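Undergrad: Provided herewith is a single structure, encoded as structure tokens, for subsequent inquiry.
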Amino acid sequence: MNKPRQIELLSPARDTATAIEAIRHGADAIYIGASSHGARAAAANSVEDIAGLVEYAHRFGVRIYVTLNTIIYPEELKQVESLIHDLYRIGVDALIVQDMSLLRMELPPIALHASTQCDVSSAEKARFLADAGFSQIVLARELTLDETSEIHRLLPDTALEAFVHGALCVSYSGNCHAGIATMGRSANRGECPQICRLPFDLTDSEGNVLVRNRHLLSLRDLNRSRHIAEMMDAGVSSFKIEGRLKDIGYVKNVTASYRAIIDRIIEANPDKYCRSSFGDSEIRFTPDLSESFNRGFTDYFTCAPRPEGKMASILSPKWCGNKVGTVIQCSRGAIKASLTATLNNGDGLGYFDRATGEFRGFRLNRIDGNMLYPASAVQIPVGTAIYRNHNKARADIMNTDTASRTISVNMTLRADDRMIAIDASDCRGCRITVSEFMDLEQASTPQQQRRIETLRKTGGTIYRADRIEDNAGTYFIPAKTLTALRRRALEALDSAWKCRYKFDQRRAENKEAMLWEPSGELTYHNNVANPLAAEFYRSHGAAEIEPALEVARKNSPDAPLRIMTTRYCLRRELGACLRNPKQASHLPRNLYLNSGNLKFALAFDCARCRMYVDLVKNKGTV
């Protein structure tokens with residue numbers, strides 16, 4: 001009989017404080033940036049800080065993955081290799097990487113995970129990376145359940161990681177060069193300027209404006225909460241929440257939300273799945289995904305390669321929040337509204353300006369019944385919807401101690417006239433015995449209740465006494481002696497778990513792995529930025545290797561430069577899909593996006609259902 005597959009909830013952390021809260025709220029693993037070379041440059045952490053996090057996390061069996069998922073410049077190779085040795089020394093469980101130069105470094109036996117920046121969008125690419133030595137592979141967000149199942153059938157022994165929640169990149173990750181080509185800031189170096197969130201005019205080849213000043217490449221946020229069971233069936237083992245730049249409140253709420261969903265599925269399918277870490281989280285608030293930052297939700301391509309629902313948030317790239325009412329009257333600094341939710345002084349509210357279409361926010365200074373008094377004057381037309389994107393009352397709750405996580409322990413107390421002992425076992429599978437030799441005397445009053453209360457006092461530790469059995473009879477055991485023995489028992493469980501904790505090992509590289517590119521030629525889309533990465537690819541059949549844009553920048557191309565490849569199609573989003581004869585004529589074939597000095601040409605590959613964004617004009621930028 002096959003063992004149940006371990007299921008992992010993987011939460012983001014911009015710093016160690018956020019990571020600890022994610023663990024308390026139910027995360028099985030954490031991904032966090034080191035001091036350099038993480039794809040979120042603004043979320044860096046020292047090796048010393050990560051060491052403290054590792055020690056805390058491992059007590060619950062929670063794994064720590066460090067992101068080294070940028071491309072690496074030649075002069076940085078030695079620095080990165082040294083950093084990896086430091087991370088291995090402090091007990092980091094795995095590295096999430098993009099640059100194949102790591103497979104040519106002298107590395108310790110630390111597990112390697114293929115980052116989403118590797119653009120794992122096909123079964124062939126996944127197999128190539130598994131053969132190369134990656135023990136876990138982060139799948140492209142664009143994959144459907146069927147495509148994920150295909151990869152799992154091909155690689156049943158390779159752990160598959162997939163995003164379940166958070167911001168979406170419009171381009172396949174790792175294959176977006178908009179930032180480096182237009183502003184000199186590279187997403188492959190952790191400095192994405194978010195070109196996709198800009199407002200654009202959509203024009204035809206004659207310059208006629210078809211859609212004005214809309215965020216046409218800004219996608220909604222991913223939410224696969226309704227598809228977790230299907231994703232497990234498709235072979236996903238690690239469920240990843242996006243958000244290494246998000247605040248603690250976001251990470252608390254989203255982690256707790258998905259913890260509850262995953263636990264219900266595991267509980268219903270104990271023969272198929274089990275949890276990958278230990279401990280019970282007591283959540284002291286009601287998780288609600290709609291109450292955390294989002295641009296509206298989409299399940300993207302989860303269920304179909306050409307879904308019918310909207311994917312973009314073209315009106316605003318901001319969090320507009322939940323609708324809470326409609327304006328009845330607005331005058332003299334006061335708003336009378338028909339409300340559908342309870343509001344609080346200090347709430348953040350907003351509305352869409354009818355003249356410009358822009359989202360405008362304001363703070364609610366005071367509320368009296370259905371009368372709203374903003375902190376600054378606003379004039380909102382009657383009938384306008386009001387949204388809340390900052391819930392003051394909920395924010396106050398989230399700023400408190402909202403969760404705790406404990407390891408359950410069973411203890412049995414034994415005694416005879418020469419010795420007392422505690423046998424203890426915990427939910428991690430650890431079993432220990434501690435004893436104390438001493439002369440005992442019979443007590444003149446009942447002792448059991450007092451002794452059980454003493455053993456239950458595990459405060460200040462991660463342990464929670466679950467079942468306590470007192471077999472010490474009628475002997476008198478001083479409370480001080482029993483307290484010291486209990487403390488030794490819990491310390492012994494700590495030591496036993498440290499001995500049991502297992503690290504994954506990176507598999508040796510398979511020199512026979514085939515290159516997934518049939519032509520044997522790599523372009524700048526493959527992000528090869530240093531000699532070691534080039535050596536790796538040549539050993540697997542690459543004949544020609546074009547350098548990454550970051551080291552051979554094409555600022556002024558003679559021909560349009562392809563800067564994005566996306567499964568999202570603007571024509572389909574606007575109801576003008578070329579595959580649908582009834583829709584195709586709604587927009588001309590040649591389309592362009594214009595924003596300031598930027599001009600992008602859109603190309604459509606209907607056979608593969610892909611849209612390409614090409615840079616054709618970039619005057620006045622870096």
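Undergrad: Please state which one of Ala51, Ala41 is open to solvent by 10 Å² or more (accessible area, probe 1.4 Å) and at pLDDT below 95.
TA: Sole residue among the options that is open to solvent by 10 Å² or more (accessible area, probe 1.4 Å) and at pLDDT below 95: Ala41.
Undergrad: From the residues in the range 56-86 that are among the charged types (D, E, K, R) and free of Cβ contacts under 8 Å to residues at least 24 places away in the same chain, which one is nearest to Ile20 (Cα to Cα)?
TA: Among those residues, the one meeting the criterion is Lys78.
Undergrad: Can you name the residue in the range 410-437 that is of a type in the set (Lys, Arg) and in a loop (DSSP other than H, G, I, E, B) and, of all such residues, is farthest from Gly279 (Cα to Cα)?
TA: Arg418
Undergrad: Just checking, how many residues over the range 93-137 are assigned to a loop (DSSP other than H, G, I, E, B) and over 13 Å from Asn69 (Cα atoms)?
TA: Result for the range 93-137: 13.
Undergrad: Which of the residues belonging to the range 438-457 are closer than 12 Å to Thr483 by Cβ, in a helix (DSSP H, G or I) and open to solvent by 30 Å² or more (accessible area, probe 1.4 Å)?
TA: The answer is Arg450, Glu453, Arg456.
Undergrad: List the residue pairs whose Cβ atoms are under 7 Å apart, where the first residue sits in the range 97-112 and is open to solvent by 10 Å² or more (accessible area, probe 1.4 Å), the second is among the small types (Gly, Ala, Ser), and the two are 6 or more positions apart or on different chains.
TA: Matching pairs, first to second residue: Gln98/Ser115; Gln98/Gly174; Leu103/Ala132; Leu103/Gly133.
Undergrad: Let me ask another. Looking at (1) among the aromatic types (Phe, Trp, Tyr); (2) surrounded by fewer than 21 Cβ atoms within 10 Å (Cβ to Cβ); (3) over 23 Å from Arg63 (Cα atoms), find the lone condition where Tyr273 falls short.
TA: So Tyr273 meets the others, but not (3).
Undergrad: Go through the range 131-145 residue by residue and tally those that are under 19 Å from Ser225 (Cα atoms), open to solvent by 10 Å² or more (accessible area, probe 1.4 Å) and either touching a strand residue (DSSP E or B) at 6+ places or on another chain (Cβ under 7 Å) or free of Cβ contacts under 8 Å to residues at least 24 places away in the same chain (or both).
TA: Residues flagged as under 19 Å from Ser225 (Cα atoms), open to solvent by 10 Å² or more (accessible area, probe 1.4 Å) and either touching a strand residue (DSSP E or B) at 6+ places or on another chain (Cβ under 7 Å) or free of Cβ contacts under 8 Å to residues at least 24 places away in the same chain (or both) within the range 131-145 amount to 1.
Undergrad: Something else: Could you tell me which numbered condition Glu150 fails, if it satisfies all but one of (1) open to solvent by 20 Å² or more (accessible area, probe 1.4 Å); (2) touching a helix residue (DSSP H, G or I) at 6+ places or on another chain (Cβ under 9 Å); (3) closer than 15 Å to Asp299 by Cβ?
TA: Among (1) open to solvent by 20 Å² or more (accessible area, probe 1.4 Å); (2) touching a helix residue (DSSP H, G or I) at 6+ places or on another chain (Cβ under 9 Å); (3) closer than 15 Å to Asp299 by Cβ, Glu150 violates only (3).
Undergrad: Quickly run through the range 464-480 and pick out the residues that are open to solvent by 20 Å² or more (accessible area, probe 1.4 Å) and over 18 Å from Pro446 (Cβ atoms).
TA: Arg464, Asp466, Arg467, Lys480 - these are the residues of the range 464-480 that are open to solvent by 20 Å² or more (accessible area, probe 1.4 Å) and over 18 Å from Pro446 (Cβ atoms).
Undergrad: Within the range 185-193, is even one residue over 28 Å from Ala603 (Cα atoms), open to solvent by 40 Å² or more (accessible area, probe 1.4 Å) and in contact with an Asp or Glu (Cβ under 9 Å, 6 or more places away or on another chain)?
TA: No, that holds for no residue.
Undergrad: Could you please find all residues in the range 62-85 being more than 26 Å from Leu9 (Cβ to Cβ) and either open to solvent by less than 10 Å² (accessible area, probe 1.4 Å) or of a type in the set (Val, Ile, Thr) (or both)?
TA: Ile71, Ile72, Val80, listed by residue number.
Undergrad: Which pairs have Cβ atoms under 7 Å, sit 6 or more apart or on different chains, and link a residue in the range 308-333 that is of a type in the set (Phe, Trp, Tyr) to one that is open to solvent by less than 50 Å² (accessible area, probe 1.4 Å)?
TA: Every condition considered, the pairs that remain are Trp319/Asn294; Trp319/Arg295; Trp319/Asn389.
Undergrad: Moving to a separate point now. What residue, among those in the range 1-23 that are among the polar types (S, T, N, Q) and in contact (Cβ under 8 Å) with a residue 12 or more places away in the chain, is surrounded by the fewest Cβ atoms within 10 Å (Cβ to Cβ)?
TA: That would be Gln6.
Undergrad: In addition: Go through the range 1-20 and give me each residue that's modelled with pLDDT of 95 or more, assigned to a loop (DSSP other than H, G, I, E, B) and under 24 Å from Ile228 (Cβ atoms).
TA: Result: Pro4, single match.
Undergrad: In the range 221-261, what residues are in a loop (DSSP other than H, G, I, E, B) and either within 22 Å of Thr16 (Cβ to Cβ) or open to solvent by 30 Å² or more (accessible area, probe 1.4 Å) (or both)?
TA: Hits for the range 221-261 are Glu242, Gly243, Arg244, Leu245, Lys246, Asp247.
Undergrad: Another question, then. Give all pairs with beta carbons closer than 9 Å in which a residue from the range 24-38 that is on the phi > 0 side of the Ramachandran plot and basic (Lys, Arg) meets a residue that is part of a loop (DSSP other than H, G, I, E, B) and open to solvent by 10 Å² or more (accessible area, probe 1.4 Å); count only pairs at least 6 apart in sequence or on separate chains.
TA: none
Undergrad: State which residue pairs qualify: first residue more than 23 Å from Ser281 (Cβ to Cβ) and in contact (Cβ under 8 Å) with a residue 12 or more places away in the chain and inside the range 453-481, second residue open to solvent by 40 Å² or more (accessible area, probe 1.4 Å) and of a type in the set (Phe, Trp, Tyr) in any location, beta carbons under 7 Å apart, and separation of 6 or more residues or different chains.
TA: none
Undergrad: In addition: Tell me whether the range 328-335 contains one or more residues that are touching a His at 6+ places or on another chain (Cβ under 7 Å) and on the phi < 0 side of the Ramachandran plot.
TA: no
Undergrad: To continue, here is another question. Being under 32 Å from the mean Cα position of the chain (by Cα) and in a strand (DSSP E or B) narrows it down to one residue among Ile397, Ile367, Ile407; which is it?
TA: That would be Ile407, the only listed residue that is under 32 Å from the mean Cα position of the chain (by Cα) and in a strand (DSSP E or B).
Undergrad: From the residues in the range 113-130 that are within 14 Å of His152 (Cα to Cα) and charged (D, E, K, R), which one is most open to solvent (accessible area, probe 1.4 Å)?
TA: Step by step, filter the range 113-130, then rank; the result is Arg127.
Undergrad: So in the range 300-344, with the set limited to residues that are among the basic types (Lys, Arg) and out of contact with any Asp or Glu (no Cβ under 7 Å at 6 or more places or on another chain), which one is least open to solvent (accessible area, probe 1.4 Å)?
TA: Applying the filter and picking the extreme gives Lys336.
The values are calculated or read from the model by the stated rules, or taken from the named source; none is laboratory data. Since we're looking at a predicted model, the values are computed, not measured. Glycine gets a Cβ as well: all are built from the backbone with ideal geometry, and neighbour counts include every protein chain shown. Heavy atoms of the whole protein, side chains included, go into the accessibility calculation; ligands, DNA and RNA do not. Shrake-Rupley method; radii C 1.70, N 1.55, O 1.52, S 1.80 Å.
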